[in-house]
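Report on the structure given below.
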Amino acid sequence: MSSQPAAVIGIGQTKHKKRRDDVSLPGLVREAAQRALDDAELTWKDIDAVVLGKAPDPFEGVMMPELSMADALGANGKPMMRVHTAGSVGGSTALVATHLVQTGVHDRVLTVAYEKQAEGNAQWGLAGGRSGGMGAGGIFAPWMRSYIKQSGAPEDIGWKVAVKDRLNACKNPYAHLQLKDITIEAVKESPVIWDPIHFHESCPSSDGAVAMVLTNEKGAKKAPRKPAWVLATAMRSELGVFPGRNNVRPQAGVECAHMIYDQAGITNPREQIDMAELYVPFSWYEPMWLEGHDIAGPGEGWQMVADGSTEIDGSFPVNASGGVLSTNPIGASGMIRFAEAALQVRGEAGEHQVKDAHVALAQAYGGSAQYFAMWLVGDELDAVAKKK
Amino acid sequence: MAKKTEDIAIVGYAQSPSYRQAELTEPQFLYPVISEALERAGVPRREIGFTCAGSCDYLSGQTFAFVMNLDAVGAWPPISESHVEMDGAWALYEAWVRLQHGDIDTALVFGSGKSSPGKPAEVFPLQMDPYTLTPLGADPVSLAALQARAMLDAGKITEDEMAEIAARSRKSAVNNPYAQVKGDDDPAVLLKEPYVTAPLRKHDLPPISDGASAVVLATTEKAKELTDHPVWIRGIDHRIDIHQPGMRDLTESPSTRLAGKNAGVKGKFDFAELSASFSHQEKLLCDELGLGKDVEINLSGGPLAANPVMAVGLTRFVEAARLIAEGGKKRGVAHATSGQALQQNLVAVLEAE
């Protein structure tokens, strides 16, 4: 076993919005990367390797864009990798970078994820590059309906999640949607786009990038700001379609969560984890993942939403950043979850800071809810033990 | 490598034939390749600790094309798995890193691609800078021709040498059942052929290929348990150079030089398997890696004989492992490249026990 601790010492995001006409593709990623370096008080020269992630290349029409981004990301003469694991890619990319540090292959790694969706047509891309496709919502909608039927959840749970995340986003200056006046009524009255999903229960399409600098224990001790320690990492995948598959609670998601809990010594996630950033592109996925990752028991996920537990000041805040429902540059969305979890345990989330966030979980999923990537971060290496 | 890393071994490997146009889908021709690599390794599918794939959506002309390839792995029950939008050689690198943790002891790596459905001259310009080069239609053959011209002008190669490299590759490929372009050609005859894009003739170009390859990796302890003939990865590193061809000296490949140095390319080698997709690149790579005339280059025929893009780099590892485990060779170099005119390069040193 040759694994050593890794920590996040720099975090940077772009202002996410519908269309970033003011920057090129390299300009977008560089904006996030420069902010992460500034946060870590490092320069481009201090970086040993760059790991880039994004969703399908046809979204922007640039094939293997890491090649033309090498210059903008200061990668010339360095190792550069490009990860692509569907919607979970932002998470997987951060994990590849983390592993490079944990194994001692590199001391300081820059990891970046982005999507510039206004350059193309994401709905076309999500339909596998065919016209007339269902899009992601079309795939997930029957599974959400299935969850509602199985759990007996009232219809307003999805609306509540939509309102909560949008109001959280108003506390996050980087978030795309800033819907200060959103109400349950407004969500309910918005058009149904894929039953049970109303327009306001769906994620937007965003341009944006996020970056992190990861380093080892020695580097973390020299960092100007508090590091976020990586306490556990896991990736898990399964086939997207086969007879008997549990689409509501995919086994890969269950196993991914338990790999994290086992590594970190967590026996009661609800109590030992202070907050979570979960990939919730459609409102109903909040209770579905709470149950799908055994944070809540069967049928209890929606009750956590109903009783306000997942509000920013609740007992188990979910997506204090506003989540994917407020910001969705697809390839970056997973890494934004990972970065936001790190921001929380560093105590640097500003207005959307969760009180006493010592241990935070981040999750990303992709494909037909078949790819999962997660990490658990803490304000100290023994943050979980300290909670017992 | 400045850091101390554990030696990882190749314990299983396989490749598909290089098809000009595969009738089968990518998962269909991947499945037997993965099965064969696992069988050779003697590791059941369910026991693999980590799986990593390399492929490219743009070759298939379809978003999320790699998702289908999971069918060839058989990802049920769920597996720990990742994917790079790069040649399978970089998937091998990710798996090599993952194995350094020591909590798992085997990894499955594969690379696959179907180039035949698209037109490379139209698809690959999309790999270049989208603002300045894609609109010009900067395709691989044109960029390689600029590189070959620069090498000719610098006196680093001659057209005769290029034809000799091509003829030797085709001749070596005669003994490779997986190769696509093979034969006994006289370099003098090849030189009478017209240019495709001057100074490149057809023999200087790689074929258009569909295909796949797979490798099974194991930690030191596990490798010794699995086989008497592990093929050790003694060093591995990869580097990228500046993208804009106009800002590079195309007659050099600093990234290859640096990756070779970090991978420990020095001393005596029996052979090298190089991802030289164009004849002149073989010479350039040998120069950068310091490989002399005593080193046998691309005994498999190399990419000039079989060029399944996204697998072709990993196939260098497969061929190198085959030469060591079955061919009695002791020490070799495996090289993979990404981007045009050798922008990004990965180098590894492989050894017998």
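Derived scalar couplings between HN and Hα for the range A:370-384 equal 10, 10, 10, 9, 9, 9, 10, 10, x, 6, 9, 5, 9, 4, 6 Hz in order, rounded to whole Hz, by the Karplus curve 6.51 cos²θ - 1.76 cosθ + 1.60 (θ = phi - 60°), x for Gly and Pro.
Of all beta bridges that DSSP places with both ends in chain A, some 75 percent have antiparallel geometry.
Averaging 1/r over each pair of different alpha-carbon atoms in the range A:78-160 and inverting the result gives 16.3 Å, the Kirkwood hydrodynamic radius. If Rh is defined by the Kirkwood formula over all Cα pairs and Rg also comes from Cα, what ratio Rg/Rh do you get for the range A:163-211? Result: Rg/Rh = 1.01.
When chain A is treated as a Gaussian network with alpha carbon springs shorter than 10 Å, the biggest mean-square fluctuation among A:45, A:164, A:18 belongs to A:45. Against the main long axis of the alpha-carbon atoms of chain B, helix B:254-263 sits at an angle near 30°.
Direction-averaged projected area, Cα convex hull, the range B:95-178: 10.3 nm², rounded to one decimal. With a cap of 15 neighbouring Cβ atoms within 10 Å, and only residues DSSP puts in a loop, list the trypsin sites (Lys or Arg not before Pro) found in the range B:1-87. Within the range B:1-87, the qualifying trypsin sites (Lys or Arg not before Pro) (loop, at most 15 other Cβ atoms within 10 Å) are B:3, B:4, B:20. Relative to the longest principal axis of the Cα atoms of chain B, the long axis of helix B:26-41 makes an angle of roughly 60 degrees.
Placing unit charges on the Cβ atoms of the charged side chains and taking the dipole of the range B:49-146 about its Cα centre, the candidate lying farthest along the positive direction among B:140, B:93, B:74 is B:140.
Beta bridges from DSSP with both residues in the range A:273-388: antiparallel share about 65 percent, rounded to the nearest 5. Size of chain B: Rg and Dmax of its alpha carbons, in Å, are 19.0, 58. When the Cα atoms of the range A:278-388 are aligned to their principal axes, the ranges along those axes come out at 36, 31, 25 Å in descending order.
With helices as the sole contributors, chain B gives -10000 deg cm²/dmol at 222 nm; each DSSP H run of n ≥ 4 counts as -39500 (n - 2.57), and the sum is divided by every residue. For chain A, the equivalent ellipsoid derived from the Cα gyration tensor has semi-axes of 30, 24, 19 Å, listed largest first.
Considering only A:216, B:327, A:142, the residue lying farthest towards the positive end of the dipole of the protein assembly as shown is A:216, judged by Cα position with unit charges set on Cβ. I'd like to know which of B:169, B:179, B:219 lies farthest towards the positive end of the charge dipole of the range B:151-234, counting +1 on Cβ of Lys and Arg and -1 on Cβ of Asp and Glu. The residue sitting most towards the positive pole is B:219. Surface analysis of the protein assembly as shown yields an accessible area of 33 Å² per residue, using protein heavy atoms and a 1.4 Å probe. Taking Cα atoms only, the orientation of helix B:88-100 departs from the longest principal axis of chain B by about 40 degrees.
Other residues within the sphere of radius under 14 Å centred on the Cβ of residue A:193, judged by their own Cβ, net out at -1 (K and R +1, D and E -1). With chain A treated as a Gaussian network of Cα nodes joined by springs under 10 Å, which of A:327, A:98, A:267 yields the largest mean-square fluctuation? Comparing A:327, A:98, A:267 in a Gaussian network model of chain A, the most mobile one is A:267. Using every pair of distinct Cα positions in the range B:162-261, the Kirkwood expression returns a hydrodynamic radius of 17.8 angstrom. Principal semi-axes of the equivalent ellipsoid, √(5λ) from the alpha carbon gyration tensor of the range B:171-324, are 28, 21, 15 Å from largest down. The range A:27-91 gives an Rg/Rh value of 0.97, both radii derived from C-alpha positions and Rh following Kirkwood. Taking the accessible area of the protein assembly as shown, probe 1.4 Å, and keeping the other protein chains in place, the carbon and sulfur fraction comes to 51%.
The Rg/Rh ratio for the protein assembly as shown, using Cα coordinates for both the radius of gyration and the Kirkwood hydrodynamic radius, is 0.98. For the range A:60-81, a reduction of at least 30 Å² in accessible area between the chain on its own and the assembled protein chains (probe 1.4 Å) is found at A:61, A:62, A:63, A:64, A:67, A:68, A:71, A:76, A:77, A:79, A:80, A:81. Please work out whether the range B:1-134 counts as rounded, prolate or oblate from its C-alpha gyration tensor, where a ≥ b ≥ c are the square roots of the eigenvalues and a/c under 1.5 means rounded, while otherwise a/b larger than b/c means prolate and anything else oblate? Here the range B:1-134 falls in the oblate category. Looking at the protein assembly as shown, the DSSP beta bridges with both ends there are about 75 percent antiparallel.
Could you tell me how far the Cα centroid of the range B:50-78 sits from the Cα centroid of the range A:363-382, in Å? Each part reduced to its Cα centre gives a spacing of 20 Å. Interface size, chains B and A: roughly 4900 Å² of accessible area buried, both sides included, 1.4 Å probe, rounded to the nearest 100.
Can you tell which of A:43, A:85, A:93 shows the greatest fluctuation in a Gaussian network model of chain A with Cα springs below 10 Å? Maximum fluctuation in the GNM of chain A, among the listed residues, is at A:43.
Under 18 Å from the 7 Å Cα→Cβ point of residue A:46, by amide nitrogen: which residues of the range A:200-218? Answer for the range A:200-218: A:211-218. Rounded to the nearest 10 square angstrom, residue B:253 shows an accessible area of 0 square angstrom against a 1.4 Å probe. Dipole size of chain B about its Cα centre, with +1 on Lys/Arg Cβ and -1 on Asp/Glu Cβ: approximately 360 debye, rounded to the nearest 20. Under a model in which nothing but the beta-carbon of Lys, Arg (+1) and Asp, Glu (-1) is charged, chain A shows a dipole of about 460 debye around its Cα centre.
The values are calculated or read from the model by the stated rules, or taken from the named source; none is laboratory data. All values reported here derive from a predicted model rather than from experimental measurement. We place every Cβ from the backbone using ideal geometry, glycine too, and count neighbours over all the protein chains shown. Side chains included, ligands, DNA and RNA excluded: accessible areas come from the protein's heavy atoms. Shrake-Rupley method; radii C 1.70, N 1.55, O 1.52, S 1.80 Å.
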